[in-house]
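Notes follow the structure.
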Amino acid sequence: MDNVIKLNNVDDYSRLFGIETLHPLVNVVNLRDATQLPNHFKVNYGIYALYLKDTRCGDIRYGRQVYDYDEGTVVSFAPGQIAEVEMAEDHTPSALGIMFHPDFIKGTSLGKDIKQYTFFSYESTEALHLSDDERSIFTDCMAKIRAELTHPIDKHSHKLVARNIELLLDYCMRFYERQFETRTRANHDVLSRFEALLDEYFTNGMPQEEGLPTVRYFADKVCLSPNYFGDLIKKETGKTAQEYIQNKIIDIAKEMILGTDKTVSEIAYDLGFQYSQHFNRIFKKNVGYTPTEYRSQSPTA
């Protein structure tokens, strides 16, 4: 199926499933109330969406892989993402969902902080698995938002809905952190793989071909989205993935400065820097000295 349905607003989603729209910019739905259920469709989200799946009613494909969800799991999407859905035959879907347009949160604290909710960019095998207590908190937040949307609009309505959405997302961040902790062994495996890939990147001379290593490169290698990979590394090491990569570059640079006769420009090229000036700035920022100053202070210099 090549046709992509564009969900540019909340009402587009409501029309897709035949569901009532409670507000033009935000809606809380349950797919049990759907009056029409397309079997197979691909959507391009222009809105934020978060779903709690109560039953496994089909497959959601994001990119090339199937989303890792089952009963009691949460999946989320942000504007610009494309998902393909294959509904299971003879199954009535049951999913509690909220969707909101970016315009709804403009000028609010949620609008300013929306990028901190990195789970909106998580991909396959990265769904949020809720405990029974967490599910109760999630559904309670959704109920408060829905109640506010059905309440007659007054001067407090917009602020209260936005704040309750923010509260829901804050809880999801907490639940994801718990999930990172309960998957400690798998996380350690990812960290070990990351370290090995980082060593391999430099020993195989890839910087000269590919340039400086990126977080996305290693995330792809371990089959995770960049955001999920970055959050996992931060949870395990206390450093961002980018900081971890940069520390590795600085360590190798120190070895090359003190252990070889190569010029600073040659070292910068070997490490993947396009310009030696960029290397000088990064090195001084991390070490406190320029590469030349660092070499001159060596006892063997």
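The values are calculated or read from the model by the stated rules, or taken from the named source; none is laboratory data. Owing to the predicted nature of the structure, the values given are computational and were not obtained by experimental measurement. Backbone-built Cβ (ideal geometry, glycine too); neighbour counts: all protein chains shown. To get the accessible areas, we keep the full protein, side chains included, count just its heavy atoms, and leave off ligands, DNA and RNA. Shrake-Rupley method; radii C 1.70, N 1.55, O 1.52, S 1.80 Å.
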Rounded accessible area of MET206 (nearest 10 Å², 1.4 Å probe):
40
From the backbone phi of region 135-150, what are the Karplus-calculated ³J(HN,Hα) couplings (6.51 cos²θ - 1.76 cosθ + 1.60, θ = phi - 60°) in whole Hz, Gly and Pro given as x?
4, 4, 5, 4, 5, 5, 4, 5, 5, 5, 5, 4, 4, 5, 5, 8
Tail beyond 22 Å, pair distance distribution of region 149-229 (Cα, percent)
51
Ignoring ligands, DNA and RNA, please state the percent of accessible area on region 75-181 from carbon and sulfur, probe 1.4 Å.
50
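At a temperature of 25 °C and a viscosity of 0.890 mPa s, determine how fast region 181-299 diffuses translationally according to Stokes-Einstein, using the Kirkwood radius over alpha-carbon pairs as Rh; express D in µm²/s, rounded to the nearest whole number. The partial results should precede the final answer.
On the way: Rh = 15.2 Å.
Here the translational diffusion coefficient equals 162 µm²/s.
Give the calculated FRET efficiency between ASN247 and MET173 to the nearest 0.05, with a Förster radius of 35 Å applied to their Cβ-Cβ distance. Don't jump to the answer; show the numbers that get you there.
Values: r = 26 Å, r/R0 = 0.74.
Plugging the Cβ-Cβ distance into 1/(1 + (r/R0)^6) gives 0.85.
Loop by DSSP (not H, G, I, E, B), at most 16 other beta-carbon atoms within 10 Å: where is the longest site-free stretch of the chain for GluC sites (Glu not before Pro)?
Working: sites that count: GLU20, GLU71, GLU89.
So the longest stretch without any such site is 90-301.
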Mind checking region 214-301 for trypsin sites (Lys or Arg not before Pro) that DSSP puts in a loop (not H, G, I, E or B) and that have at most 15 other Cβ atoms within 10 Å?
LYS239, LYS262
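If you place +1 on the Cβ of every Lys and Arg and -1 on the Cβ of every Asp and Glu, how big does the dipole about the Cα centre of region 116-199 come out, in debye to the nearest 20?
On the way: 11 positive and 15 negative charges, 72 e Å.
Rounded to the nearest 20 debye, it is 340 debye.
What is the magnitude of the charge dipole of region 250-301 about its Cα centre, with +1 placed on the Cβ of each Lys and Arg, -1 on the Cβ of each Asp and Glu, and no other charges, expressed in debye to the nearest 20? Present the calculation step by step, with values, prior to reporting the outcome.
Numbers: 6 positive and 6 negative charges, 47 e Å.
Using only the charged Cβ atoms, the result is roughly 220 debye.
Taking loop as defined by DSSP and a crowding limit of 13 other beta carbons within 10 Å, which trypsin sites (Lys or Arg not before Pro) in region 104-193 fit? It would help to have the intermediate numbers written out before the result.
Values: sites: LYS106, LYS112, LYS115, ARG135, LYS144, ARG146, LYS155, LYS159, ARG163, ARG174, ARG178, ARG183, ARG185, ARG193; in loops: LYS106, LYS155, ARG183.
Sparse-neighbourhood loop trypsin sites (Lys or Arg not before Pro): LYS106, LYS155.
How much net charge surrounds LEU96 when only the other residues with a Cβ under 12 Å from the Cβ of LEU96 are counted, with Lys and Arg +1 and Asp and Glu -1? Working shown, then result.
On the way: positive: ARG32, LYS53, ARG135, ARG146; negative: ASP33, ASP54, ASP140.
Charge balance near LEU96 sits at +1.
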LEU22's amide H: which non-local residues (gap 5+, or another chain) put their own amide H closer than 5 Å, with H modeled 1.01 Å from N in plane and none for Pro or chain starts?
VAL28
What is the set of long-range amide H partners of ASP54 at a cut-off below 5 Å, with H atoms built 1.01 Å from backbone N?
GLY72, SER94, ALA95, LEU96
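Determine the shape class of region 185-233: with a ≥ b ≥ c the square roots of the Cα gyration tensor eigenvalues, call it rounded for a/c under 1.5, and otherwise prolate if a/b is greater than b/c, oblate otherwise. Before the final figure, lay out the partial values.
Values: a/c = 2.98, a/b = 1.63, b/c = 1.84.
Oblate is the answer for region 185-233, as a/c is 1.5 or above yet b/c matches or exceeds a/b.
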C-alpha long axis of helix 226-237 to longest principal axis of the chain, angle in °
60
In debye, nearest 20: dipole of the chain around its Cα centre with unit charges on the Cβ of K, R (+) and D, E (-)?
960
Most to least accessible of CYS223, CYS141 (protein chains only, probe 1.4 Å):
CYS223, CYS141
I'd like the Karplus ³J(HN,Hα) series for region 282-289: coefficients 6.51, -1.76, 1.60, θ = phi - 60°, whole numbers in Hz, and an x wherever there's a Gly or Pro.
5, 5, 5, 4, 8, 9, x, 9
Can you list, largest first and rounded to whole Å, the semi-axes you get for region 77-199 by taking the square root of 5 times each eigenvalue of its Cα gyration tensor?
31, 19, 16
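R0 = 51 Å: FRET efficiency of ARG32 with VAL287, Cβ-based, nearest 0.05?
Numbers: r = 60 Å, r/R0 = 1.17.
For R0 = 51 Å, the calculated efficiency reads 0.30.
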Cα-based Kirkwood hydrodynamic radius, region 110-182, one decimal, Å
13.5
Quote to one decimal, in nm, the extra length available between ALA186 and MET206 on full extension: 0.36 nm per residue of separation minus the C-alpha distance between them.
4.5 nm
Expected 222 nm ellipticity per residue - DSSP helices of 4 or more, -39500 (n - 2.57), all of the chain, to 500
-15000 deg cm²/dmol
Any idea how far the Cα center of region 105-156 sits from the one of region 1-33, in Å?
17
18 Å Cα-Cα threshold exceeded, pairs from LYS6/LYS106; LYS42/LYS112; LYS115/LYS234; LYS6/LYS144; LYS115/LYS248
LYS6/LYS106; LYS42/LYS112; LYS6/LYS144; LYS115/LYS248
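How large is Rg/Rh for the chain, to two decimals, with Cα atoms and a Kirkwood Rh?
Values: Rg = 23.8 Å, Rh = 21.9 Å.
With Rg and the Kirkwood Rh in hand, the quotient comes to 1.09.
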